[in-house]
1. Determine one quarter of the surface area of the Cα convex hull of the stretch 1-94, which equals its mean projected area, and express it in nm² to one decimal.
2. Order the following by accessible area, largest value first: 210, 260, 522. Probe radius 1.4 Å; ligands, DNA and RNA are ignored.
3. What list of ³J(HN,Hα) couplings, whole Hz, do you get for the stretch 217-229 from phi and the Karplus terms 6.51, -1.76, 1.60, once you set θ to phi - 60° and write x for glycine and proline?
4. Return the distance in nm (one decimal) between the two label points of a simple spin-label model at residue 587 and residue 71, each offset 7 Å from Cα along Cα→Cβ.
5. Let's test the formula: R0 of 22 Å, r as the Cβ-Cβ distance of residue 612 and residue 254. What FRET efficiency results, to the nearest 0.05?
6. Relative to the Cα centre, what is the charge dipole magnitude of the stretch 8-155, using +1 at the beta carbon of each Lys and Arg, -1 at the beta carbon of each Asp and Glu, and rounding to the nearest 20 debye?
7. Which residue, 588, 447, 432, has the largest displacement toward the positive end of the dipole of the chain when charges sit on each Cβ (Lys, Arg +1; Asp, Glu -1)?
8. What figure, in Å² to the nearest 10, do you get for the accessible area of residue 494 with a 1.4 Å probe and non-protein molecules left out?
Amino acid sequence: MAQVLADRRDVDFVLYEQLEVEKLCKHPRYAEFNRKTFDLLVNEARNFSIKEILPTIKESDEIGARFENGKVITPACYKKPYKLLVDGEWIAMTEDPEVGGQGFPHSVGQAALDWMIGASFAFVAYGLAGHGTGKMVEIFGTPKQKELYLKKLYSGQWTGTMVLTEPEAGSDVGNLVTSAKPNGDGTYTITGNKIFITNGEHDLAPNIIHPVLARIEGAPKGTKGISLFIVPKIWVNEDGSLGEDNDVVCTGIEEKMGLHGSATCQLTFGGKGKCRGVLLGEANKGMRVMFYMMNEARLAVGAIGASNASTAYMYSLDYARQRRQGRDLLEFANPDAQPVAIINHPDVRRMLMWMKSLTEGMRSLVYYGAWCFDRIATATSDEDKAYYEGIVDMLTPIIKSYCTDKGFEVCVEAIQIYGGYGYTKDFPVEQLARDSKINSIYEGTNGIQAMDLLGRKMGMKQGALFMNLLGEINKTIALAKGIDGLAPLAQNLEKATGKLAQVAMELGKAAMSAKVKAAFSHAKPFLDCMGDVIMGWMLLWRATVAAPKLAGLAGGSDEAAVNAAAAKNKNAAFYLGQIGSARYFINSILPGTLGKMDAIAATDSAAVDIPDDSFGG
Ligand SMILES: Cc1cc2nc3c(=O)[nH]c(=O)nc-3n(C[C@H](O)[C@H](O)[C@H](O)COP(=O)(O)OP(=O)(O)OC[C@H]3O[C@@H](n4cnc5c(N)ncnc54)[C@H](O)[C@@H]3O)c2cc1C
């Protein structure tokens, strides 16, 4: 049967064979779980996504969220699945049961989300935003704030948002002008206009809790004077009941390229001077709180990119197996030859292989990021905890930027596989491409991620975090060198990893010299190269797991034996596919990355040298 959204065999491979998540159950935190309970969650997520979420995708794209008489009306097809999202306790799968969660490991929750997001992020976003808001309340809120908001947000009974952007404060959040005036009773009067707020207003839940960035009157300029406020759409009384309307007005929603089901709102806070909020965390420390959420959100957006790629790949693979067009290349001159399925054509196989290797590499990377959170949660020493926190710090801009760019590119390639039909609305891939483009823009554009990587992350702890990451890559390389057939791939990845370290040093030096602007004009290509090397790592890691199992099934690792095994055994075919992905990416994509790294090391300054007028126009 054709796989839908995500390939179950691949998800299981990453969870149980690559990351060995069952080992987490040895820790008291996850002791109540086992493979059976993990499988149950993933099965349920898959069923829910395919039966309830996926059917909304087309209608929600066509109808979209609508703005009528000052109200946002979500597509009617969202009502039932939203109730199921709440009833099924999907929003806080990985949170502590004490605060309303189910307590699953993050890596397993990620697998469940793979299907839910793959089915429709526009829909799932209504619930997930509440999780982000809840997390901030859980970590930085007072006991009373937790009592009032946490379970409502984690359950999805109320939803949440992230309210940063203003017309003159997009990437430069420090420029915001929304103000907060103390009322003397612990509340603040909030006044300002915000734009682009995802699900800032809608009809799926009775209340929306807005975490709003604003500046308390007299606070310093820039990010140092920003505070974070909890601003409910409907005021929440001390006993938890809903009070009066809190003067938060949606003045319109954006007409967008994609994600039509998700309302992107312009919000006015305090238009009548009656909007109240309470501080979340300390005054002037709002960015610290918001960054906590944004780091998680960045990883989540990277995961969306990866899930979009997975969905696009699954559709394309199925189509390439069904669509018959053209003769086999070897029968080209034979007029009697029958048309073959397009999967037989070498160029279509190249596209599929590129999509497959990236989809698999990104799935491993995203789940690995989630698994690092599991390692943090189960760390037995401060050192262990700090180590995995460091890996997450390093990987955050890469997961966000690389997986969203490549996720989009995979969706675009899916259109190519479908040919002319891919460009029509009869097939789902054009929508996937439209829906996934935003991922490279919000939660800090990918350009900003690259600046974060070069300007901050590379130098953290005197470069120790980067060295730790390289150390992890080198462990896989060392392992692969000892496995039959993988040594050449290991050597190629070793070359690329060594070069990445060298280029990082050179670019880092340039970034601290008079060539700083030229260096930063290469920050994004540098991030992309690092992403390529990490893909090579993830795919080689997969191959180190697959190769011995394949040899076991085939009774050897010579070509004839493994091909014969793959022809009659699905697992053998899967493992052979793992080695194939590693071979393709490391031998056909990574050499291009070496060339790109040469260009970065040369740090040519043309982009910053030419005067503005010389750009033409
Ligand atoms: C569908 C959608 C949903 C959104 N949801 C939310 C939400 O829920 N909450 C919220 O607060 N915001 C949200 N946003 C806003 C989003 O986060 C911003 O659009 C984004 O941060 C970029 O800001 P901007 O649009 O003002 O672009 P700008 O900041 O003007 O950036 C334009 C370009 O310049 C580059 N650039 C800007 N400054 C620099 C710099 N210093 N160095 C290098 N390059 C730079 C950017 O990378 C980008 O390529 C959403 C936007 C959209 C479209």
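1. Here the figure is 8.4 nm², rounded to one decimal.
2. Greatest to least solvent exposure: 260, 522, 210.
3. 3, x, 6, x, 5, x, 5, 5, x, 9, 10, 10, 10
4. 6.2 nm
5. 0.15
6. Magnitude of the dipole: close to 320 debye.
7. Value computed over the given set: 588.
8. 70 Å²
The values are calculated or read from the model by the stated rules, or taken from the named source; none is laboratory data. It should be emphasised that the depicted structure is a prediction, and the values quoted were computed from it without experimental measurement. Every residue, glycine as well, gets a Cβ built from its backbone with ideal geometry; the counts of neighbours run over all protein chains shown. Ligands, DNA and RNA are excluded from the accessible area calculation, which covers all protein heavy atoms including side chains. Shrake-Rupley method; radii C 1.70, N 1.55, O 1.52, S 1.80 Å.
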